[in-house]
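Derivation of every value follows stated rules applied to the coordinates shown; laboratory data play no part. Keep in mind that what you see is a predicted model, and the values were worked out from it rather than measured. Virtual Cβ from ideal backbone geometry, glycine too; neighbours counted across all protein chains shown.
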Protein chains: 2
Amino acid sequence: MRARFTLAEIQWHALDIVDRDGLPALTMRSLAAALRTGPMTLYNYVDGREALEELVVDAVSACVHVPEPTGDWAADTRAVATALWRAVRAHPAAVPLVLTRRTSSPASLAPAEALASALAGGGLGEDDLLVAFRTVMSFVMGIAQAELAGPLTRETTRESAARRMSTLAEGSLPTLAGLAHLGAALADQEFERGLDMVLAGIRQVAVRPHDRG
Amino acid sequence: MRARFTLAEIQWHALDIVDRDGLPALTMRSLAAALRTGPMTLYNYVDGREALEELVVDAVSACVHVPEPTGDWAADTRAVATALWRAVRAHPAAVPLVLTRRTSSPASLAPAEALASALAGGGLGEDDLLVAFRTVMSFVMGIAQAELAGPLTRETTRESAARRMSTLAEGSLPTLAGLAHLGAALADQEFERGLDMVLAGIRQVAVRPHDRG
DNA sequence: ACCTGAACACCGTTCAAGT
DNA sequence: ACCTGAACACCGTTCAAGT
């Protein structure tokens with residue numbers, strides 16, 4: 001019985017395992033089993049565990065549907081950021097890898113270039129362009145992080161939600177407690193409205209550049 | 001030979017291992033060894049590996065030096081965000097855990113409350129306050145993420161830096177390539193200037209609220 | 001009750017043997 | 001050259017025995 005794989009096949013199966021069975025289920029051995037081979041065969045395609053995880057991040061990046069530029073830099077920036085966020089959100093179990101592992105594959109650099117290019121239409125100076133790029137990218141990734149591990153996140157279990165609420169309400173955290181009940185209600189708007197805030201800030205710098213330093 | 005530990009002792013030793021030897025070096029067994037016990041003793045204090053990692057995140061949170069409020073909401077917000085960023089940055093090897101594991105300990109909620117409280121001084125509506133809270137928190141965590149795994153990050157090895165640069169310059173990523181050389185130069189200012197952008201956006205919403213929706 | 005060693009079921013990877 | 005099983009050195013955790 002011979003077996004030969006393409007890297008894309010391996011990549012897809014790996015992401016599939018993560019999506020279906022969770023991150024801990026992704027193992028050299030489980031992936032090999034899914035591919036109906038022995039674990040060692042994988043080492044002919046991938047450098048090891050670390051490299052495999054980068055391949056999964058790359059797969060998520062490949063899911064980003066980079067939008068066509070329209071000429072409106074703010075709209076384009078919003079569109080790329082949203083596309084990034086959607087792709088990450090579509091694979092929640094892979095988020096820890098996306099936040100943690102580095103990829104420099106074309107698939108992952110393409111959205112970054114699209115974002116930088118969109119922002120470049122705003123007439124920012126070189127420095128401000130870099131700062132704006134990092135700010136937007138950080139916002140997107142940070143939102144993903146907040147959804148994964150932040151406070152004020154909607155819980156999976158009802159009990160843990162109640163426990164957290166009571167912890168917050170327990171006296172010394174008045175502002176957080178006041179905000180906690182809004183979490184579920186605003187959830188879907190948070191990304192968009194947060195992005196609006198970030199864009200408003202960038203636009204301000206674009207209008208009157210070099211106002212600090 | 002008897003041995004009895006406080007949770008704080010365990011926590012501190014765990015963070016110490018991560019800081020000194022890196023994240024992979026933190027192991028039930030290595031931590032037990034550092035404490036001069038067998039691995040099983042740890043289970044009397046901690047629920048397991050997952051709980052131990054949350055304890056490390058908690059330790060990093062405890063390093064946040066939450067500033068005293070001054071009454072200037074923007075300055076206070078900046079101060080809390082900066083304090084958060086400094087604490088995270090002081091323990092780079094623990095960043096993957098900070099981005100990934102959830103803690104609801106008082107130590108980790110205190111900075112969150114301080115941030116929410118500072119923003120609450122800006123006269124934002126309840127919705128906008130939550131959005132602003134998430135935006136600033138996301139920015140801080142996202143910046144930490146960018147420093148860990150983003151593109152345009154300064155490299156540890158000189159060869160990998162060169163390799164990335166050449167990848168970027170290889171034709172199809174003009175905007176990123178143009179930005180890449182600024183990475184090292186701006187590094188220290190990026191957080192502060194990005195935070196300025198975010199604050200400018202929040203201030204705008206504070207001035208004329210409910211302008212969308 | 002608290003502590004902890006031995007043992008189990010994993011894991012990634014080396015190494016050397018197959019084709 | 002490509003492939004892959006056996007074996008090794010780990011890991012987290014169960015289980016049952018000690019005090």
Output row for A:PHE5: copy-to-copy label distances, label 7 Å along Cα→C-beta, ascending, in nanometres, one decimal, is 3.8
With the label set 7 Å along Cα→Cβ, B:THR41 is separated from its counterparts in the other copies, in nm and shortest first, by 4.7
Long-range share for chain A, i.e. C-alpha pairs more than 31 Å apart as a percent of all pairs, stands at 36 percent
Proxy exposure order for B:THR82, B:THR77, A:THR175 (fewest C-beta within 10 Å first) is B:THR82, A:THR175, B:THR77
Computed over region A:7-60, the relative contact order (Cα-Cα under 8 Å, seq sep at least six) in percent reads 40 percent
The alpha-carbon center of region A:45-121 and that of region B:55-133 are separated, in whole Å, by 27 Å
Per its Cα gyration tensor (rounded if a/c is under 1.5, else prolate when a/b beats b/c, else oblate), the protein assembly as shown is best filed as oblate
